[in-house]
């Protein structure tokens with residue numbers, strides 16, 4: 001009975017990761033809160049890596065055509081036979097690299113402090129409040145027909161790096177900054193999803209060293225696999241949903257949700273707990 005309950009918890013947390021990784025409501029914040037509410041004992045480094053790999057798989061499936069173009073574009077450019085579309089893909093390769101640099105710097109500087117950050121429930125609620133505010137502002141941001149370039153990619157990357165704080169949505173922060181810069185909201189959303197790939201891979205690589213030294217037991221493999229599959233499936237549908245929401249410029253509804261969740265959490269922390 002206990003094993004089945006733990007399996008159910010793994011599936012629930014995996015689904016939470018998949019939904020919240022791409023919806024602008026903070027996956028890290030919801031995983032922290034979900035783990036606390038479910039008292040999931042297996043929630044740790046290995047589970048975190050596996051559910052993130054699940055979301056990585058989902059974004060690769062949704063954007064498989066763009067990724068294939070970005071992979072083949074550098075060779076075409078080097079051979080001086082690139083089409084206009086391949087040139088654009090090559091530019092996106094450069095933009096993704098530039099946007100990833102801030103996350104690399106922050107990840108290396110704070111890798112020993114991340115565990116302490118994630119144990120702070122009050123910080124989660126405060127950052128969720130920040131996420132809620134920036135999402136409610138998005139309907140009022142005007143598209144100025146500007147194009148993505150290296151300086152703008154770097155600023156979007158800085159927003160991604162700031163999302164290391166649990167409760168501050170990575171997708172929400174990057175999309176907000178892109179829209180603030182005047183970029184087309186669907187373009188910046190696609191860029192946000194694609195630039196999450198090296199960020200997820202980098203985070204997994206950074207954590208894998210510890211995982212190699214302390215591998216999960218065989219009894220945990222089913223829980224890890226269940227969480228990964230759940231995050232991959234829900235992540236796929238979360239991306240499709242968010243792209244539709246962005247086209248309709250309805251991101252503020254996610255902001256209302258984050259503000260409500262943060263307010264309830266802060267009230268409980270200060271007046272009830």
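Looking only at segment 57-113, residues that are under 17 Å from the mean Cα position of the chain (by Cα), without any contact (Cβ under 8 Å) to a residue 60 or more places away in the chain and not in a helix (DSSP H, G or I) come to 0 in all.
For segment 173-216, a residue qualifies if it is more than 18 Å from the chain's Cα centre (by Cα), without any contact (Cβ under 8 Å) to a residue 60 or more places away in the chain and in a helix (DSSP H, G or I), and the qualifying residues are 180, 209, 212, 213. Return the total of residues in segment 236-254 being buried (at least 20 other Cβ atoms within 10 Å of the Cβ) and either under 14 Å from residue 188 (Cα atoms) or out of contact with any helix residue (DSSP H, G or I) (no Cβ under 8 Å at 6 or more places or on another chain) (or both). Looking only at that region, the number is 4.
The numbered conditions (1) over 19 Å from the mean Cα position of the chain (by Cα); (2) part of a helix (DSSP H, G or I); (3) modelled with pLDDT of 80 or more are all true for residue 37 except (3).
The values are calculated or read from the model by the stated rules, or taken from the named source; none is laboratory data. In this text the structure is predicted, and so the values were computed from the model without any measurement. Note that we place each Cβ from the backbone using ideal geometry, even for glycine, and neighbour counts take in every protein chain shown.
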